[in-house]
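Working notes, beginning with the structure itself.
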Amino acid sequence: MNKKLVITLKSDLCVASGDGFSSGIDVDICYDDHGFPFIPGRRIKGCLREVSNDILPQCSDSIFGSPRRRESGCLKVGNAVLPGLDAMKSIADSESASTSEICSLFTRVRAQTAIEGDSVKDGTLRFIRVVNHYSPITRGELEFEAPIEIAEEHASDFEVLVKGLRNIGYRRNRGFGAIKCRIEDACEGSRACSVTEFPSGIAFAVKTEEPLMLPRQNDESLDHVPGSAVLGFFAAKAQKKGMDAETFEKLFLSDVVRFSPLYPVDAKGERALPAFGLIAKIKGSGPGSRDGECVNLLCDSLKNGEQPKPLKSGFLDSDYLPLQVEKEVTYHCSMGDAPTLYTQEVIRPGQVFAGFIFCPESYRPFFSEVLRDESLSFGRSKSAQYSKCCLEEYKGSLPSELPLPVRSGEKVVAILDSDVLLDDSCGGYSGNADSLIDAIAREAGLANPDRAHSLFKSRVVSGYNAKWNQKKPHVIAFAAGSYCTFEAVQDGCPSELLLGRRRGEGFGRVVLKPVTELIPSTESASAAPANCQSGSPLLDEWRALLREAKRAEKLRLLAIDCVKGSKGETLNASFVGRVLRMIVQSESRNDLMGRIASIRNADKKAIVEEIVSSFESGCDSSSLDWRIEQDCLKCAFTFLKYRAKRSEEGCIE
């Protein structure tokens, strides 16, 4: 059952991220790249598990899973985000709103100390960022929505658990994190995206809606989705649909169907290639050097003082320029007898990856149906916070069975689009580069390998079989991104090859390209602007709020500039503090000017009046709301107060 969990705040909320912000915030919240706060799915699932242990312990393992079981529970929980988040992000991009500007609209910083006796204990001042109880858009209590999946037989039990969840987050026993939860039907719109068919299979793309964790080593993630993970996803869906054993074996155990790795998509919509060393980045400091530019080492001659740095990791876009997958580090705490804080490197959400499924036409309807109708997830922690993706339409280049238009004697480069497992004729896999060169030359009809412009990398391929609860054997493979340069023996050669074993898992694909085609562009294409049409009163309110926030920030900076350009530095901190109190207590601009007129010292009064009048003339105060002007003056005189304190202490720069 696909539902959504609606979380309504009943107080300020601090879902701690495990990190701080600069030196000004000791405990920070979880927020995305745009600055919108969210509640991680793992945090929600953990709090629900606590409730279950108290009121429904007999259902805990079935719903949430158990370390003692080989299979996870039936509950999947995503991150809880603000309603209409995608549309709000589009508007924020169109208004060029920064992360700090958006975050400040939904959050504030609160201070706390420890008391010892009747006074504050030294060294205990802490600043915590919290999510505001009320929404800046609707003015009502802020709500978050998390997608959930739950087995139908446990739906009624889960509703009981949701009603019992009353608190979440950091310091929930000190007034933070009071919430009210309810379950609603998920309003899943029809997916307009579809797969793209080509003569030998289908192409598709997925967009990461949540971070992806595809384990490599030391809690680091791969920068792509391997073909084995794609195969595993479809195999699990086939079992769920009750596919018969004979069809299952043909699709997933016999290499009749091949699943390619999912690689990132560039700004032009093209699937990237693994970076290979024939393309190099120039390092040079001499006059006229092309420092930072990419060149083809076989076609470009280097100038004096230029040193090539071959690309050995990452990807290349359709212009043969470096394309890096964005990653981030997340913090988690393992709860148990000895709670431990640990980190994971994950792929950031919002990125698009594409791949191919090579299969007979009779099997394509099954894969198309799964991609359009099922929730897509790859990698680790599928039940909470990670792995969720959505289908995107792939509009890039498709695999072609047509031969390359090369003439006899022209240079051709063979690039490993995926890892290759090559037989060594002794029951194992070969790591000898000569065997790979011979296999490519034989299959493609090429000759005269140029070893000076070839590079072979190897890596250990392993894995873990969750069903059998044991590790897979470690084997040596030629790594994707290895390449070798040949000469064409005759006109035309294949555009791609298949070599070695385990092709169904994405191994063994080799693409061939004419060397003269590999000319890096001078600049990469930029992504198309996002569609930011609103048409909703709440979204229009959000746009107006962003513009007002940007205007208020400019006015605050203007007020501070007015202070810097005045004689305010001659004022002492205690006097500035009294002026600051006048600003706070004033109910209008006229009220403030009347209070300033009561200052007895003529010189000090003149300085204050000069600062206020300078700000009013610079911002056209006749059309400015008093609350905004009051906030700007408070900011300016607070700056002046602490500057005066530092001056009195001898710390002024």
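On a 27 Å Cα-Cα criterion, which of the cross-link pairs K237/K457; K472/K513; K45/K327 come out too long?
Details: K237/K457 34 Å; K472/K513 34 Å; K45/K327 24 Å.
Check vs 27 Å cut-off fails for K237/K457; K472/K513.
Evaluate Rg over Rh across region 2-185, taking Cα atoms for both radii and Kirkwood's formula for Rh.
Numbers: Rg = 18.2 Å, Rh = 17.8 Å.
Computed over Cα atoms, the ratio is 1.02.
Starting from 0.36 nm per residue, how many nanometres of slack lie between D219 and K312 once their C-alpha separation is accounted for? Mind showing how you got there, number by number?
On the way: separation 93, 0.36 × 93 = 33.48 nm, distance 2.18 nm.
In short, 31.3 nm is gained.
In a shell of Cβ-Cβ distance under 9 Å around V325, excluding V325 itself, what net charge do Lys and Arg (+1) and Asp and Glu (-1) give? Present the calculation step by step, with values, prior to reporting the outcome.
On the way: positive: K327, R348; negative: D223, E326.
Residues close to V325 contribute a combined charge of 0.
Which length gain, in nm to one decimal place, applies between T113 and D33 when the Cα-Cα distance is subtracted from 0.36 nm times their residue separation? Could you put the intermediate results ahead of the total?
On the way: separation 80, 0.36 × 80 = 28.80 nm, distance 3.03 nm.
My answer for the length gained is 25.8 nm.
Local charge sum around R442 (other residues, Cβ-Cβ under 14 Å, Lys/Arg +1, Asp/Glu -1)?
Values: positive: none; negative: D423, D434, D438, E443.
Its environment carries a net charge of -4.
Taking amide hydrogens as modeled 1.01 Å from N in the peptide plane, which residues meet the under 5 Å criterion relative to Q307, leaving out close sequence neighbours?
K283, G284
When DSSP beta bridges are limited to those with both residues in region 2-185, what percentage is antiparallel, rounded to the nearest 5? Please report the intermediate quantities before stating the final value.
Working: 32 of 33 bridges.
Of the beta bridges lying entirely in region 2-185, close to 95 percent run antiparallel.
Return the whole-Å distance between the Cα centroid of region 138-153 and the Cα centroid of region 408-430.
So the separation of the two Cα centres works out to 50 Å.
What nm value, rounded to one decimal, do you get for the distance between K283 and S98 when each label is placed 7 Å out toward the C-beta?
Here the answer is 3.3 nm between the modelled labels.
Out of the trypsin sites (Lys or Arg not before Pro) in region 6-84, which ones are loop residues according to DSSP with at most 16 other C-beta atoms within 10 Å?
Numbers: sites: K10, R42, R43, K45, R49, R68, R69, R70, K76; in loops: K10, R68, R69, R70.
Of the trypsin sites (Lys or Arg not before Pro), the ones in loops of region 6-84 whose Cβ has at most 16 other Cβ atoms within 10 Å are K10, R68, R69, R70.
Pick out, in residue order, every one of the GluC sites (Glu not before Pro) in region 1-106 that is DSSP loop and has at most 15 other C-beta atoms within 10 Å; say none if there are none. Write out the running numbers ahead of the final one.
Details: sites: E50, E71, E95, E101; in loops: E71, E95.
Listed in order of number, the matching sites are E71.
I want to check the label-to-label distance for E517 and E609. Put each point 7 Å from Cα in the C-beta direction and report it in nm to one decimal.
Roughly 7.9 nm, to one decimal.
Pull up the cross-link candidates among the aspartates and glutamates for K604, meaning alpha carbon to alpha carbon under 15 Å and not fewer than 8 places away within one chain.
E569
Within 10 Å, Cβ to Cβ, of R108, how many net charges do the neighbouring residues add up to if Lys/Arg are +1 and Asp/Glu are -1?
The answer is +1.
Of all trypsin sites (Lys or Arg not before Pro) in region 107-173, which ones are in loop regions per DSSP and have a Cβ with at most 12 other Cβ atoms within 10 Å? Don't skip to the end; give the middle numbers.
Details: sites: R108, R110, K121, R126, R129, R139, K163, R166, R171, R172; in loops: K121, R139, R166, R171, R172.
When the trypsin sites (Lys or Arg not before Pro) of region 107-173 are filtered for loop state and at most 12 Cβ neighbours within 10 Å, K121, R139 remain.
Can you bin region 144-236 into rounded, prolate or oblate? Criterion: square roots of the alpha carbon gyration tensor eigenvalues sorted a ≥ b ≥ c, rounded for a/c under 1.5, prolate for a/b above b/c, oblate for the rest.
Details: a/c = 2.59, a/b = 1.70, b/c = 1.52.
Prolate.
Using a Förster distance of 60 Å, how high is the FRET efficiency between C299 and L125, based on the Cβ-Cβ distance and rounded to 0.05?
Working: r = 62 Å, r/R0 = 1.04.
Working from the Cβ atoms, E equals 0.45.
Tell me the mean residue ellipticity at 222 nm calculated for the chain from its helices only (DSSP H runs of n ≥ 4, each -39500 (n - 2.57), averaged over every residue, nearest 500). Show your work: numbers first, answer last.
Numbers: 14 runs with 183 residues, N = 653.
About -9000 deg cm²/dmol.
Calculate, for R348 and S408, the FRET efficiency according to 1/(1 + (r/R0)^6) with r their C-beta to C-beta distance and R0 60 Å; round to the nearest 0.05. Numbers along the way, then the final one.
Details: r = 47 Å, r/R0 = 0.78.
About 0.80, to the nearest 0.05.
Please compute the modelled spin-label separation between K327 and D61, points set 7 Å along Cα→Cβ, answer in nm with one decimal.
3.6 nm
Which of [x] 38, 29, 28; [y] 35, 29, 23; [z] 55, 35, 22 is the computed semi-axes √(5λ) of the Cα gyration tensor in Å for the structure on display?
[z]
Evaluate E = 1/(1 + (r/R0)^6) for L398 and S425, where r is the Cβ-Cβ distance and R0 equals 30 Å; express this FRET efficiency to the nearest 0.05. Present the calculation step by step, with values, prior to reporting the outcome.
Numbers: r = 35 Å, r/R0 = 1.16.
That pair, L398 with S425, gives E of 0.30.
Rule-based calculations on the coordinates, nothing more; no lab input. Keep in mind it's a predicted model, so treat the numbers as computed, not measured. FYI the Cβ positions are ideal-geometry reconstructions off the backbone, even for glycines, and counts take in every protein chain you see.
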